[in-house]
1. Give the residues of segment 62-81 that are of a type outside the set (Lys, Arg) and either under 11 Å from Ala11 (Cα atoms) or open to solvent by 80 Å² or more (accessible area, probe 1.4 Å) (or both), sorted by residue number.
2. Please indicate, with yes or no, whether at least one residue in segment 11-25 is open to solvent by 40 Å² or more (accessible area, probe 1.4 Å) and modelled with pLDDT under 90.
3. Which ranges mark the helices (runs of 4 or more DSSP H) fully within the chain that have 1 or more residues being in contact with a His (Cβ under 6 Å, 6 or more places away or on another chain)?
4. Run down Arg8, Arg58 and say which single residue is open to solvent by 50 Å² or more (accessible area, probe 1.4 Å), modelled with pLDDT under 95 and of a type in the set (Lys, Arg).
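The values are calculated or read from the model by the stated rules, or taken from the named source; none is laboratory data. What you see is a predicted model, and the numbers here were worked out from it, not measured in a lab. Positions of Cβ are backbone-derived with ideal geometry, glycine not excepted, and every protein chain shown enters the neighbour counts. To get the accessible areas, we keep the full protein, side chains included, count just its heavy atoms, and leave off ligands, DNA and RNA. Shrake-Rupley method; radii C 1.70, N 1.55, O 1.52, S 1.80 Å.
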Amino acid sequence: MTGFPLARLLALLVPAALLGGALLSQYGFGLFPCEMCHWQRWPHEAAIGFTILAFLFRSGAAARLFVMLAGIAILVSGAIG
């Protein structure tokens, strides 16, 4: 069970960092994203939402399910790319 808090933290930090980097590039440096880049943002946003739900449930099967859904969302974003 020691790996679960780390998985939950990574499921939050990875998409948040990637989405934050994309938004910083767009609005901070004026780099306009392509259409596919916009598509990749949706799974990252979903992953962040699933992870927030995992933090709310703290432990148990529901929290694990939300972390797994967040991981799948991150993989979907990678597949789009």
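1. Leu65, Phe66, Val67, Met68, Leu69, Ala70, Gly71, Ile72, Ala73, Ile74, Leu75, Ala79 - these are the residues of segment 62-81 that are of a type outside the set (Lys, Arg) and either under 11 Å from Ala11 (Cα atoms) or open to solvent by 80 Å² or more (accessible area, probe 1.4 Å) (or both).
2. Checked against the condition, which is being open to solvent by 40 Å² or more (accessible area, probe 1.4 Å) and modelled with pLDDT under 90, segment 11-25 yields no hits at all.
3. Qualifying helices (runs of 4 or more DSSP H): 3-23, 61-80.
4. Arg58
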